[in-house]
Amino acid sequence: MKKNKVLVTGGLGFIGSHIVDEVIKDNEVIIIDNKSTGKIENLKYPNHENLTLIENDLNEVNLDKVLINVDYVFHLAAMASVPLSIDNPIKSTNDNLNATIKLLNACRANKVKKIIFSSSSSVYGDNTNIPLKETEYPLPKSPYAASKASCELYLKTYHEAYGLNYVSLRYFNVFGPKQDKNSQYAAVIPNFISALLEGEKPIIYGDGEQTRDFIYVKDVVKANIKSCECDYNGIVNVASGRKITINELYKIICETLGYDVEAEYLPERKGDIKHSLADVSKMKKINYEVDLEHFENQLKETINWFKKELKI
């Protein structure tokens, strides 16, 4: 991806900043981020000559002005928390769905080539048809998941009605450097690592036998870029296609760190799903495949980042 003008909403966040770091050298990049969870420190090149940063809420920005001559949009800005969406469903809807509709309308008006939307595996809910295919009917269990499913429908509608090209990437459990340990969304790995490094007892919600499909953040970045470069329009799971229990994950992290600490088990959280595993066959539509051999090395990279961040 070179010599394009791109917009990254939520570009100071965990995944968004990784995308910016990857594309900034060869492309002109605009970031819109209200800094509710993102931070400048996440950027590798915060003063790069190709970067324009707009510190504002997506709903407050004049998008027609921002999107002049923009080729591609990576849309990651959202209230990315199941618990927070349950506490405040109206704000979740405004931040996620209403802001996305506004962005889609501006993309259509300014003839953006393609928008890549960061969706979520939470749209599947407690669907037991494992591994989960993109054709499954959405069964959201939270306002957050419902907003993501609704956004996907609007993307499809804008493609069919106005010809706006798109890919909706349904992320499963993303992990890696720069993930906020205080995040309430898909943050089990940073929570485990930071608790162990800081001498605290890690918490596992439920019995720990719930399963997740983890994917490294750099694979997510590559999937976003590949989605721009391909001709496909539609929904794609972004995952490893391999499941692991939370108990097994905790054991691997302890072994990697050389720790022997018993976790504290608390009741299941409202809105959390029991099992999650993706059918990743559709990733070939965006010409990408995850290498499954590097999971433990990716965990080590993540641990090393947290050690540096926590000065341990």
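The values are calculated or read from the model by the stated rules, or taken from the named source; none is laboratory data. None of these values were measured; they are calculated from a predicted model. Virtual Cβ from ideal backbone geometry, glycine too; neighbours counted across all protein chains shown.
Values computed for the structure shown
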quantity: Count of residues meeting criterion [part of a loop (DSSP other than H, G, I, E, B) and free of Cβ contacts under 8 Å to residues at least 12 places away in the same chain] in segment 37-78; calculated: 4
quantity: Residues of segment 177-207 that turn out to be touching a strand residue (DSSP E or B) at 6+ places or on another chain (Cβ under 8 Å) and either without any contact (Cβ under 8 Å) to a residue 40 or more places away in the chain or in the same structural domain as MET79 (by TED's automatic domain parsing) (or both), as a count; calculated: 3
quantity: Residue match in segment 178-187 (condition: buried (at least 20 other Cβ atoms within 10 Å of the Cβ) and over 13 Å from the mean Cα position of the chain (by Cα)); calculated: no
quantity: In segment 107-123, the residues that are closer than 18 Å to SER150 by Cα, assigned to a helix (DSSP H, G or I) and aliphatic (A, V, I, L, M); calculated: VAL123
quantity: Pick from segment 251-286, criterion in a strand (DSSP E or B) and surrounded by 15 or more Cβ atoms within 10 Å (Cβ to Cβ), ranking: nearest to the chain's Cα centre (by Cα); calculated: ALA278
quantity: Flag for TYR216 being among the aromatic types (Phe, Trp, Tyr), more than 21 Å from the chain's Cα centre (by Cα) and within 21 Å of SER120 (Cα to Cα); calculated: no
quantity: Set GLU248, GLU289, GLU293: member being surrounded by fewer than 17 Cβ atoms within 10 Å (Cβ to Cβ), in contact with a helix residue (DSSP H, G or I) (Cβ under 8 Å, 6 or more places away or on another chain) and without any contact (Cβ under 8 Å) to a residue 24 or more places away in the chain; calculated: GLU289
quantity: Residue within segment 113-121 that is more than 17 Å from the chain's Cα centre (by Cα), more than 20 Å from SER276 (Cα to Cα) and not aromatic (Phe, Trp, Tyr) present; calculated: yes
quantity: Total residues in segment 124-176, condition modelled with pLDDT under 95 and aliphatic (A, V, I, L, M); calculated: 4
